[in-house]
1. Considering A54, A48, which residue is among the small types (G, A, S) and touching a Pro at 6+ places or on another chain (Cβ under 9 Å)?
2. Cβ-Cβ under 9 Å, sequence separation 6+ or interchain: first residue in the range 30-41 and farther than 11 Å from A20 by Cα, partner assigned to a helix (DSSP H, G or I) and open to solvent by less than 60 Å² (accessible area, probe 1.4 Å). Which pairs?
3. Among (1) in contact with a helix residue (DSSP H, G or I) (Cβ under 8 Å, 6 or more places away or on another chain); (2) among the aromatic types (F, W, Y); (3) open to solvent by 60 Å² or more (accessible area, probe 1.4 Å), where does F16 come up short?
4. Within the range 48-69, does at least one residue satisfy the condition of being farther than 17 Å from T7 by Cβ, without any contact (Cβ under 8 Å) to a residue 40 or more places away in the chain, of a type in the set (A, V, I, L, M, F, W, C) and open to solvent by 80 Å² or more (accessible area, probe 1.4 Å)?
5. Quick one: would you say T45 is closer than 30 Å to T85 by Cα and of a type in the set (S, T, N, Q)?
6. Pairs please, first residue from the range 9-26 and in contact (Cβ under 8 Å) with a residue 60 or more places away in the chain, second anywhere and open to solvent by 50 Å² or more (accessible area, probe 1.4 Å), Cβ atoms under 6 Å, 6+ apart in sequence or on different chains.
7. If I go through the range 70-85 residue by residue, how many of them are aliphatic (A, V, I, L, M) and either in a loop (DSSP other than H, G, I, E, B) or open to solvent by 60 Å² or more (accessible area, probe 1.4 Å) (or both)?
Amino acid sequence: MIRPVFTEIALFALPFAVYALYLWATRAGALDAASWPLPVLGWLTIAALALMAASFLVLAHFSGSAPGSTYIPAHMENGRLVPGTTQ
């Protein structure tokens, strides 16, 4: 569960990191508060939320088992625990 959380955090931070790299490359002072005006922060936040929403849609569309498959829950066979599967 921790990997999806870190993935979403990384996707949220990506626009801010790209902007910071842009400021660093143009020598505009990435640590200067004047380089991070409120409208820019707003657009970066919108871009970050859009990336997160897109990742949720991709995850919902491409993960999981095939439609119409049957889930077989975990069970015991000959004293061994057999994990759940889909068929």
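1. Result: A48 is the single residue among A54, A48 that is among the small types (G, A, S) and touching a Pro at 6+ places or on another chain (Cβ under 9 Å).
2. Hits for this filter: V40/Y19; L41/F16.
3. F16 satisfies all of (1) in contact with a helix residue (DSSP H, G or I) (Cβ under 8 Å, 6 or more places away or on another chain); (2) among the aromatic types (F, W, Y); (3) open to solvent by 60 Å² or more (accessible area, probe 1.4 Å) except (3).
4. no
5. Values: closer than 30 Å to T85 by Cα: no; of a type in the set (S, T, N, Q): yes.
Against the criterion (closer than 30 Å to T85 by Cα and of a type in the set (S, T, N, Q)), T45 does not qualify.
6. Pairs that qualify, where the first residue is in contact (Cβ under 8 Å) with a residue 60 or more places away in the chain and the partner is open to solvent by 50 Å² or more (accessible area, probe 1.4 Å): there are none.
7. Residues of the range 70-85 aliphatic (A, V, I, L, M): 72, 74, 76, 81-82.
Subsequent filtering for residues that are either in a loop (DSSP other than H, G, I, E, B) or open to solvent by 60 Å² or more (accessible area, probe 1.4 Å) (or both) retains 74, 76, 81.
Summing the residues that are aliphatic (A, V, I, L, M) and either in a loop (DSSP other than H, G, I, E, B) or open to solvent by 60 Å² or more (accessible area, probe 1.4 Å) (or both) in the range 70-85 gives 3.
Let's see how each residue does on (1) within 30 Å of A60 (Cα to Cα); (2) among the β-branched types (V, I, T); (3) in contact with a strand residue (DSSP E or B) (Cβ under 6 Å, 6 or more places away or on another chain); (4) part of a helix (DSSP H, G or I):
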residue: P4; (1), (2), (3), (4): yes, no, no, yes
residue: L14; (1), (2), (3), (4): yes, no, no, yes
residue: A20; (1), (2), (3), (4): no, no, no, yes
residue: A28; (1), (2), (3), (4): no, no, no, no
residue: W43; (1), (2), (3), (4): yes, no, no, yes
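The values are calculated or read from the model by the stated rules, or taken from the named source; none is laboratory data. From a predicted model like this one, the values you see are computed outputs, not experimental measurements. Cβ atoms come from the backbone with ideal geometry, glycine included; neighbour counts cover every protein chain shown. When the accessible area is computed, the model is the full protein with side chains, heavy atoms only, and any ligands, DNA or RNA have been set aside. Shrake-Rupley method; radii C 1.70, N 1.55, O 1.52, S 1.80 Å.
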